[in-house]
Structure formats: C-alpha cells, structure tokens
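Inspection log for the structure reproduced underneath, given as structure tokens.
The values are calculated or read from the model by the stated rules, or taken from the named source; none is laboratory data. Predicted, not measured: the structure shown is a model, and the values here were computed from it. Note: ideal-geometry Cβ built from the backbone for every residue, glycine included; neighbour counts use all protein chains shown. Heads up: the accessible areas ignore ligands, DNA and RNA and are worked out on the full protein's heavy atoms, side chains in. Shrake-Rupley method; radii C 1.70, N 1.55, O 1.52, S 1.80 Å.
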Amino acid sequence: PATAALPPMTDWPERQRAAVGGHGYLCHGGREYDGRPLSPLDPEELRRTAADIAARGIGSVAISGVFSPVAEEDERRAADILRAELGDGVHFSLSHELGRVGLLARENATIVNAALRDLATVIVRSFGEALDTLSITAPFFLSQNDGTLMDVDFARTYPVATFASGPTNSMRGAAFLSGLGDCAVVDVGGTTADVGILAGGFPREAAGESEAAGIRTNFRIP
C-alpha cells in the first residue's frame, strides 16, 4: 500500500471531512507511473469493503487509484466488484474520469464529486420539472467549468464539472456580446469580482491545482 501515509481527505479542513462522513478504505491495487502494477487487486478484500459500506448505509463511493490516469483498469475492476455487491442504487465516481495525475488533488476532486451526486440528481430533476411546467421543449444542457455544455446524464454523473460554471458563463457571454475571442473578462458579482482570460472564445484553464472550500483539487477550472 504505497499511499498508507496519506489517507483520503488527509488535507481537508475538519468541517468538510466531518460533513462527508470521513470514511475511507485502503485496498490493494494501483500502478507505478509507467502503468506497471503496484500490487494485484484483491477481490475478496473489495467484497469485505463493500460489506462495510453497505452496513454504514453509504450511497456514493469515490474510487481513486495511484496513477490511474495512466492505467484505469484497476479502478474500473474495483467499481465492477463493488457494484456487484452493493447494487445499482449506489453511485460510483472514478478518479481517472475526473482529474489529472496528481494523487491527492485528483482524489479530492473525486470525493467532492461523490458527495454531490445525490444533490445533483435532485437539482437536475427540479430543472427538468420546471421546464415541463412552463411547456419549454428546448434541449436541456448545463454549463461546464471549461465553457462547453453537458447533457443531464453527464451532469448527474459529474456534478463537480459545474463548480466554476457561473464565472465561465460570464466569460463566454462576454466573448459572444463583444465579438472578442482573446481578452480579459472581469465578472463583478454581489460579493466577489472574478478575472479570467479568454483564448479563442473559451476560458483559459488553470494549469495546476485549484481550491474549493479549502480542498485542493485538479479538475478543469478557469
């Protein structure tokens, strides 16, 4: 277990850790930086983990493997084994689908995504019901952090992709209204002013890590 010294949520503020329950499990698996296995996945170990998850009534699981963006097989196999034990009612968030190589920031983004899954389902359903009530039949999309769009199924699965969509919408709107594809945009709100750079009409993404509520993450953000 190469990550025993850094358990999940190790750098989280205490309030945020308590809010999501603070549960974590260290299981065999993971890869070296070149994709070689660190240790073989242990299906029985994962089934024991699933039993504890079920006993605690946890409904959303984040799976994060060392260097999984290089080799995603372990995360997918682990999810399949856990899903077979826990059933389709439990949500799964896989880190290789959300963040870049850095372990802690990618793991944090995955945990935050897992924590938001139920809320995202409620919000997306509420939006859909509002559109039906108003007899609006237009296609229903939501904005992502990078200025592109996603459909409702994607939004339910990856709610963390909407984190910075407010300032991003302002930036894309400024590009559209001004006709400028390359510029700086200042989005002045009620409590904050956000400054971002547009390149080719889309927000330039942060190169490294970003912070959300005191938690380091590395998902795509302006």
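Quick notes on this one:
- With respect to the chain, whose longest principal axis is taken over its alpha-carbon atoms, helix 43-56 is tilted by about 60°.
- For the chain, calculated [θ]222 nm from helices alone, where every DSSP H run of n ≥ 4 adds -39500 (n - 2.57): -12500 deg cm²/dmol
- Solvent-free Debye scattering, log10 I(q)/I(0), computed from the Cα coordinates of region 1-90 at q = 0.11, 0.21, 0.25 Å⁻¹: -0.33, -1.12, -1.34
- Close amide H partners of SER60, meaning residues 5 or more places away or on another chain with modelled amide H under 5 Å apart, are HIS91.
- Accessible area of region 1-107 belonging to carbon and sulfur atoms, whole % at 1.4 Å probe: 52
- With a simple spin-label model that places each label point 7 Å from the Cα along the Cα-to-Cβ direction, the separation between LEU131 and GLU73 comes to 4.0 nm.
- Apolar share of the accessible surface for region 152-222: 56 percent from carbon plus sulfur atoms, 1.4 Å probe.
- The chain, accessible area per residue, ligands and nucleic acids excluded (1.4 Å, Å²): 55
- From most to least packed by mean Cβ count within 10 Å, the peptides 132-143, 196-207, 65-76 give 65-76, 196-207, 132-143.
- This structure gives semi-axes √(5λ) of the Cα gyration tensor in Å, computed directly, and of (i) 34, 22, 16; (ii) 30, 21, 16; (iii) 26, 22, 19 that value is listed as (i).
- The long axis of helix 103-133 is offset from the longest Cα principal axis of the chain by roughly 60 degrees.
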